[in-house]
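Worksheet for the structure shown next.
Just so it is clear, none of the values below were taken in a lab; they were calculated from the coordinates. In this text, all values refer to a predicted model and were calculated from it rather than measured experimentally. Virtual Cβ from ideal backbone geometry, glycine too; neighbours counted across all protein chains shown.
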Amino acid sequence: MEYFLSLCTTGLIMGVIYALMALGLTLIFSILGVINFAHGEFYMLGGYASYFILSTFTGLHPLLAVPLAGLIAAVIGLVFELAFLRPIHQERIERPAEYAILITFGLSFFLMNLALAVFGPYPHSPPSFFRGSVRLGFMNVSADRLTASVLSLILLAVLLVVVNRTWVGKALRAVSQDKQAAAVVGINPLAMNTIAFALGVGLAAMAGALLASSFLLSPDVGAVPSIRSYVIIVLGGMGSIQGSILGGVLIGLVESLAAGYFPDPSRALNYKTAFGLVIFALVLLFRPRGFFGRKEA
Amino acid sequence: MKDKRIFSLLMTILILSSLIAACGPTPTPQVIKETVVVEVEKEVEVTKVVEKEKEVVVTATPEPEAEAETILIGGFGPLSAPGAYQGGIEMRNATEMALDEINEAGGVLGKEVELIFGDTEGLPERGTAVTERLITQNKVVALTGEYHSGVALTEMEVAHKYGVPVVFAEPWADDVTAKGYPEIFRVAPSIEFYSSIASNYIAANGWEKIVFVTEDTDYGRLQGEGWVKQLGALGITDVELIYADPATEDFTPILQRIAQDPPDMLGGVITGIGNSRMVRQACELGLAPTAETAYYATTDSQYPEFWETVGDCGQYTFFTYVGLPKSLWNEKTEAFMANYEERYGQVPGGVAMEAYDATYLLLTAIEQAGSTEPEAIIEALENIELTGVLGELWFEYGSHNPVPSDKPAWMWHQWLTPNVFILQYTEVDQSVDEAAVVFPVERATGPLYTSP
């Protein structure tokens, strides 16, 4: 029983962080209608930004670098959205769907190679939030990972409040439901696009900064989280915030339990991701829109 | 009217291009009937390649190097993901450094040597394409480098097809040299030799229950299978292999599973960032290194970034080091280490040493051969004796001295005394130079194993 509970704890801790990462992607998709293929690279950028900030300002507590990393990524995202994505919504691009894929892929390669050029190929890590492990009843949990999980929960809660209770949040939801109707009531859809993109990549960067001391940094560190995020947002329902949270936690739990209980231990870790995909396929089979996906009008 | 002008312009460009191409020194291949392609030069060497559908492609290999101002050398290795680009970049740096030194000293055969380095991304298909391009398009006279065994095994087929000599720097698969290709030489250890050092070390410590979490690549699988076989021969049969994608972020669930029945030794055979992740996560979980469970990490632990990424968890870990520990450095090693660090701002690892020596071997062979002809280079390599940063280098077995039937086939064109050691970090923040050499015992600088 202790073993089962320890695996569940590991899965839940990871699931919450996965949810935070996926949330940014779903936010961007629901508002802009664009799949951000550079999402993993913003995660990586957040980690490196945190590393850079803490290397430069050595007296700073590592926790303070998290919002700063999010802010840096949000500014970069804002500039990118204004320069490269806004033309899509101004109907200045002939083939917007293909353009969006290519431009975000391009950004992905650019950011990855930029990190390689600036920070080099060797792994790095910002200082730990808190060193060592914490004893949670029957198991040791990394203090860094626990901190990342708790902060992710707080960020998720703050985001839900912003989206549901503030004017900007309501405006974002309105744009995601119907751009024209939102415009009629005085909401500027283009401004909301920019806000959503900056916020989305900022969340990815904060997830990256939160996990950098646990999962470390290298230029290609964003690849796996970004693929997992795509799975989570489809699982939860494209564009659904609640769905992303539920999807993230579910994937975290499935990965952990599968690695812990798969009959052949030699394959257990290798198939960890595949089990997430099996759940993904099963959910889509019985509920093609995902957990909270909206019906097409 | 405008369209007509554009059409005229395009036609003019097309005609001029055709004229330039026709007058140029290297005619473009002409397709004759079905799939017969012929390149014509004054001196023509013809190679026939019969494809599956009985198409015959005839190409001509010109001999531009005979009158070229420079000698072109090809390099290959992973410079980007998914390959182990840390190793690839280090390899390229060391090769460039060797070339610059040789050029400053007057070059080879009185000519400057140039390097064209291809990024294989750690992918076998890219390795094939890169080698094909280096040989047929760039016209390199010889090749060096490569990190991944799986990629090297495809590259060597291309090199063998064209008869171009290769000195491999880092791939370990036995088959790289076991195939007995005349063009293929290697300074890295074979996997059998490499694995035997760790196997003997495990046996010497009396550890009986062993678990390896090994990356699911040719690198990890070859090592894992080698250990199971060699440890079995040493009477250690409780050996478990767990495969993992090298990009795995979180090993915790499988480590929790292993912790249900902790082994005497846990090995994390994951390259790059995965090495540090494993060390850290096993340590944070309280699994290893502990008094009960020793921890074996990969060669990537030699880099200074290891301590930045694992912190205190790195203490008491041990790893196999392919290279020369400081206690065994010669004058060349000292100069190389100092120059590399000054030039690239990084302490070089064993990969850099191997790549540097592989480059020197190749270029010294060309100088000694007095020619860039493949046969002459191969003959010179077979008879070479060179003091490199790794020590005395030579190839015991080859066409000049065939591998005896009682010796393993991988000894063909293989440097037989590659430096493979087990090092242990006994203190936090130790550099690789300060780490204790714990095995082989006769060259050890510290006790066999220091337990937490």
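Quick one: compute the contact order of chain A, relative version, from alpha carbon pairs under 8 angstrom and 6+ residues apart, as a percent. Intermediate results must be reported in sequence, preceding the final value.
Numbers: 484 pairs, mean separation 110.0, N = 297.
About 37 percent, as a whole number.
Helix-only estimate, please: 222 nm mean residue ellipticity of chain B, summing -39500 (n - 2.57) across DSSP H runs of length 4 or more and dividing by its residues, to the nearest 500. Write down the numbers at each step before the final one.
On the way: 13 runs with 172 residues, N = 452.
-12000 deg cm²/dmol, from helical runs alone.
Subtracting the Cα-Cα distance from 0.36 nm times the residue separation, let me have the gained length for B:Ser371 to B:Glu69 in nm, one decimal.
107.3 nm
Assuming R0 = 22 Å, can you tell me the calculated FRET efficiency for the pair B:Thr237 and B:Thr290, based on Cβ-Cβ distance, to the nearest 0.05? Can you show the working numbers first?
Working: r = 23 Å, r/R0 = 1.06.
For B:Thr237 and B:Thr290, the calculated efficiency is 0.40.
Determine the shielding of peptide B:271-283 by partner chains: average, over its residues, the number of Cβ atoms on other chains within 10 angstrom of each Cβ.
For this peptide, the per-residue mean of nearby foreign Cβ atoms is 4.
Would you pull out the residues with amide H under 5 Å of B:Glu240's amide H, same chain only if 5 or more places away, H placed 1.01 Å from N?
B:Ile210, B:Val211, B:Phe212
What's the local net charge at A:Leu111, with K and R +1, D and E -1, over the other residues with C-beta under 12 Å away?
Charge balance in the 12 Å sphere: -2.
For the range B:374-418, list residues with backbone N below 14 Å from a point placed 7 Å from the Cα of B:Lys179 toward its Cβ?
B:410
Per 0.36 nm of contour for each residue apart, how much would the distance between A:Arg267 and A:Ala191 grow if the chain were fully extended, relative to their Cα-Cα spacing? Let's see the in-between values first.
Numbers: separation 76, 0.36 × 76 = 27.36 nm, distance 4.80 nm.
Contour length minus Cα-Cα distance gives 22.6 nm.
Longest span of chain A, sites excluded, free of trypsin sites (Lys or Arg not before Pro) in DSSP loop with at most 15 other C-beta atoms within 10 Å?
Result, exposed sites excluded: A:132-293.
What angle do you read, to the nearest 10 degrees and between 0 and 90, between the alpha-carbon axis of helix A:2-32 and the longest principal axis of chain A?
The helix A:2-32 is inclined about 10 degrees to chain A.
For the pair B:Ala409/A:Leu63, report the inter-label distance in nm, with labels modelled 7 Å from Cα in the Cβ direction.
Result: 6.2 nm between the two label points.
What do you get for trypsin sites (Lys or Arg not before Pro) in the range B:98-181 restricted to DSSP loop and a cutoff of at most 16 other Cβ within 10 Å of the site's Cβ? Don't skip to the end; give the middle numbers.
Details: sites: B:Lys111, B:Arg126, B:Arg133, B:Lys139, B:Lys161, B:Lys179; in loops: B:Lys139, B:Lys179.
Sites meeting the loop and neighbour criteria: B:Lys179.
Which residues' amide hydrogens lie under 5 Å from the amide hydrogen of B:Gly388, considering only partners 5 or more residues apart or on another chain, with H built in the peptide plane?
B:Leu393
For B:Phe168, list long-range residues whose amide hydrogen, built 1.01 Å from N in the peptide plane, is under 5 Å from its own amide hydrogen.
Placed amide hydrogens put B:Phe185, B:Arg186, B:Val187 under 5 Å from B:Phe168.
On a 21 Å Cα-Cα criterion, which of the cross-link pairs B:Lys179/B:Lys407; B:Lys111/B:Lys139; B:Lys229/B:Lys407; B:Lys111/B:Lys332; B:Lys209/B:Lys229 come out too long?
Beyond 21 Å between Cα atoms: B:Lys111/B:Lys332.
So for the pair B:Asn103, A:Leu82, with labels modelled 7 Å out along Cα→Cβ, what separation do we get in nm?
Going from the B:Asn103 label point to the A:Leu82 one covers 4.4 nm.
Contour minus end-to-end for A:Arg95 and A:Leu284, with contour as 0.36 nm per residue of separation and end-to-end as the Cα-Cα distance? Please report the intermediate quantities before stating the final value.
Values: separation 189, 0.36 × 189 = 68.04 nm, distance 2.88 nm.
Residue separation times 0.36 nm, minus the Cα-Cα distance, leaves 65.2 nm.
Could you list the chymotrypsin sites (Phe, Trp or Tyr not before Pro) in the range A:1-105 that lie in coil according to DSSP, counting only those with at most 14 other Cβ atoms within 10 Å of their Cβ? Kindly include the intermediate steps, with their values, before the conclusion.
Numbers: sites: A:Tyr3, A:Phe4, A:Tyr18, A:Phe29, A:Phe37, A:Phe42, A:Tyr43, A:Tyr48, A:Tyr51, A:Phe52, A:Phe57, A:Phe80, A:Phe84, A:Tyr99, A:Phe105; in loops: A:Phe37, A:Phe57.
Counting only loop positions with at most 14 other Cβ atoms within 10 Å, the chymotrypsin sites (Phe, Trp or Tyr not before Pro) in the range A:1-105 are A:Phe57.
Need one number: nm distance between label points at A:Phe109 and B:Glu157, each 7 Å from Cα along Cα→Cβ, rounded to one decimal.
Modelled inter-label distance: 2.7 nm.
Viscosity 0.890 mPa s, temperature 25 °C: give me the Stokes-Einstein translational D for chain B in µm²/s, with Rh taken as the Kirkwood radius over C-alpha pairs.
It comes out at roughly 104 µm²/s.
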